[in-house]
Amino acid sequence: MTCRLFRALPILFAAAISGLCQDAPAPMPKPNPCPDSGGAIDLKGSIWNGWGRDLDNSHYQPNPGFPFAQVSRLKLKWAFAYSGGRANGQPTVIGKRVYVTSESGHVYALNAQSGCTYWTFESAAPARTAVTIALLPHSSPAKFAAYFGDENANVYALDALTGKQLWKTQVERHPIARITGAPVFYGGRLYVPVSS
């Protein structure tokens with residue numbers, strides 16, 4: 001565990017001060033690039049966007065893509081190994097893409113059918129939130145953003161297709177402020193829960 005992760009836990013901050021750990025760069029994810037860009041992003045069909053799937057936070061998937069009777073016959077199609085830490089946020093599924101955050105601060109866009117990697121982004125701190133995908137306001141042509149927060153109370157907007165950072169802002173400067181809940185985009189505004 002690196003000091004960066006210790007700093008995310010205030011009760012373990014003493015380990016960083018005492019010299020028991022030293023900062024080391026987080027390991028880079030193993031390359032498993034997708035052969036293509038995956039095409040356009042579509043918010044129709046079977047999706048699970050953000051933490052609760054919808055604005056009511058219903059946690060219910062009305063269109064799972066298979067009948068209940070087939071649940072017992074499901075088989076593992078692929079697995080993804082997180083580099084430098086475990087998954088913390090709930091996966092977001094949008095069409096052919098699965099977006100996930102991790103304890104190491106890496107955010108991944110994966111192919112939902114094969115598990116190959118469209119892109120990887122490294123945030124400034126561990127990320128625990130689900131990723132929220134929304135149409136960028138006033139963008140032409142239509143461009144989607146992937147919004148998430150980290151444990152330094154930073155909020156990010158990435159191009160959901162390429163992973164390029166569009167912006168980053170710290171929403172709270174309190175030393176133990178962090179974002180653990182998924183941002184929600186509604187009515188042209190991004191709502192971000194902050195805990196401390």
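The values are calculated or read from the model by the stated rules, or taken from the named source; none is laboratory data. In this text, all values refer to a predicted model and were calculated from it rather than measured experimentally. Cβ coordinates were reconstructed from backbone atoms using ideal geometry, including for glycine residues, and neighbour counts include every protein chain displayed. In case anyone asks, the SASA skips ligands and DNA or RNA and just uses the protein heavy atoms, side chains included. Shrake-Rupley method; radii C 1.70, N 1.55, O 1.52, S 1.80 Å.
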Strands (runs of 3 or more DSSP E) within region 78-123 that include 3 or more residues more than 11 Å from Ala146 (Cβ to Cβ)
106-111, 117-122
From the set of residues in region 132-149 that are over 12 Å from the mean Cα position of the chain (by Cα) and of a type in the set (Ser, Thr, Tyr), which is surrounded by the fewest Cβ atoms within 10 Å (Cβ to Cβ)?
Ser140
When residues of region 108-131 are limited to those that are open to solvent by less than 10 Å² (accessible area, probe 1.4 Å) and not aliphatic (A, V, I, L, M), the one nearest to Asp54 (Cα to Cα):
Thr129
Kindly indicate whether any position in region 117-126 is in contact with a Phe, Trp or Tyr (Cβ under 8 Å, 6 or more places away or on another chain) and charged (D, E, K, R).
no
Please find, within region 51-80, the residue that is farthest from Ser123 (Cα to Cα) out of those that are at pLDDT below 85 and within 17 Å of the chain's Cα centre (by Cα).
Asp54
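If you scan region 163-187, which residues turn out to be touching a Phe, Trp or Tyr at 6+ places or on another chain (Cβ under 6 Å) and not charged (D, E, K, R)?
Correct list: Gly163, Ala182, Pro183, Val184.
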Residues that are surrounded by fewer than 10 Cβ atoms within 10 Å (Cβ to Cβ) and either touching a residue at least 60 places away in the same chain (Cβ under 8 Å) or not in a loop (DSSP other than H, G, I, E, B) (or both), drawn from region 55-77:
Phe68, Ala69, Val71, Ser72, Arg73
Conditions (1) in contact with a strand residue (DSSP E or B) (Cβ under 8 Å, 6 or more places away or on another chain); (2) closer than 24 Å to Ser196 by Cα; (3) among the aliphatic types (A, V, I, L, M): number failed by Ile176
(1)
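Here is a check on your reading of the model: is Arg86 open to solvent by less than 10 Å² (accessible area, probe 1.4 Å), modelled with pLDDT under 95 and out of contact with any helix residue (DSSP H, G or I) (no Cβ under 8 Å at 6 or more places or on another chain)?
no
For region 95-107, indicate whether the set of residues that are of a type in the set (A, V, I, L, M, F, W, C), open to solvent by less than 60 Å² (accessible area, probe 1.4 Å), in contact (Cβ under 8 Å) with a residue 60 or more places away in the chain and over 21 Å from Leu190 (Cβ atoms) is non-empty.
As a first pass, look at region 95-107 and keep what is of a type in the set (A, V, I, L, M, F, W, C): 98, 100, 107.
Pick out the ones that are also open to solvent by less than 60 Å² (accessible area, probe 1.4 Å) and you get 98, 100, 107.
Now restrict to residues that are in contact (Cβ under 8 Å) with a residue 60 or more places away in the chain: none.
No, region 95-107 contains no residue that is of a type in the set (A, V, I, L, M, F, W, C), open to solvent by less than 60 Å² (accessible area, probe 1.4 Å), in contact (Cβ under 8 Å) with a residue 60 or more places away in the chain and over 21 Å from Leu190 (Cβ atoms).
So, in region 150-174, exactly how many residues are open to solvent by 30 Å² or more (accessible area, probe 1.4 Å) and touching a residue at least 12 places away in the same chain (Cβ under 8 Å)? Write out each step before concluding.
Narrowing region 150-174 to residues open to solvent by 30 Å² or more (accessible area, probe 1.4 Å): 152, 161-162, 164-174.
Those left that are additionally touching a residue at least 12 places away in the same chain (Cβ under 8 Å): 152, 161-162, 165-166, 168-174.
Final tally of qualifying residues: 12.
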